[in-house]
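Coordinate-derived values only; no laboratory data. None of these values were measured; they are calculated from a predicted model. A quick note on method: Cβ atoms are made from the backbone with ideal geometry, for glycine too, and the neighbour counts reach across all protein chains shown.
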Amino acid sequence: MEFAMGNGTHQAKIELIARNIRNFPDFPVKGIQFKDVCPVLKEPSALSAVVDLFEEHTRQTFPQVDIIAGIEARGFFFGPLLAQRLGVGFVPIRKKGKLPGPTASLSYTIEYGEDVVEIQEDAVTAGQKVILIDDLLATGGTMQASCKLLEKYEAEVLGCFVIIKLKDLKGEEKLHNYKVFSLLQY
């Protein structure tokens, strides 16, 4: 799902966010145009715009949400802010070995090998309705693995929110069972 830009206020927020995305050509390797969201974090009005738009979409589309889950690391920037606005909890999904206590993990294939995501065993419970958040959707592997990890505990993934979707990398194809919401598409 792409953001409907009918309202001028929404359009202004989208443009503000887009102005604060920085491009780094050939990073981390030659041929990649890296989209950096760090300037959004530095600009209070752009950060508010992201959370405003995520909040508005959640309230309109998923008013029954119980918890926000954020993917390491940039999902940790936006997820807790959205959770606070909605009055729900936040849980982190991290790389292997970063969470204390009993955890559940899921391995998945990435472009150059394999990676693992983990969640604490008591982070979600059966039947909880979850929104998953990250900064960017590229090939979709991490987001898909995170959805599966949440579903391992019988949580219901309502949607996957990102600031940026890289359309050419077709990550949304891996997420065909989920509703993907992005603010910007490149």
Taking only Cα atoms of region 90-173, what ratio of Rg to Rh do you get with Rh as the Kirkwood inverse-distance radius? 0.96
Which of these, 101, 89, 140, has the largest mean-square fluctuation under a Gaussian network model of the chain (Cα springs below 10 Å)? 101
Residues residue 45 and residue 169, FRET efficiency given R0 of 41 Å [Cβ-Cβ distance, rounded to 0.05]: 0.90
Per the C-alpha gyration tensor (a ≥ b ≥ c, the square roots of its eigenvalues), the chain is rounded if a/c is under 1.5, else prolate if a/b beats b/c, else oblate; here it's oblate
Report the chymotrypsin sites (Phe, Trp or Tyr not before Pro) located in region 83-112 that are in a DSSP loop and have at most 15 other Cβ atoms inside 10 Å of their Cβ, or state none. 112
Quote the FRET efficiency, to the nearest 0.05, computed for residue 23 versus residue 176 with a Förster distance R0 of 22 Å and r equal to the Cβ-Cβ distance. 0.15
DSSP beta bridges in the chain: the antiparallel percent, rounded to 5, is 40 percent
If the cut-off is 29 Å between C-alpha atoms, which lysines fall inside it for residue 13, apart from same-chain ones fewer than 8 positions away? 35, 42, 129, 165, 167, 170, 174, 179
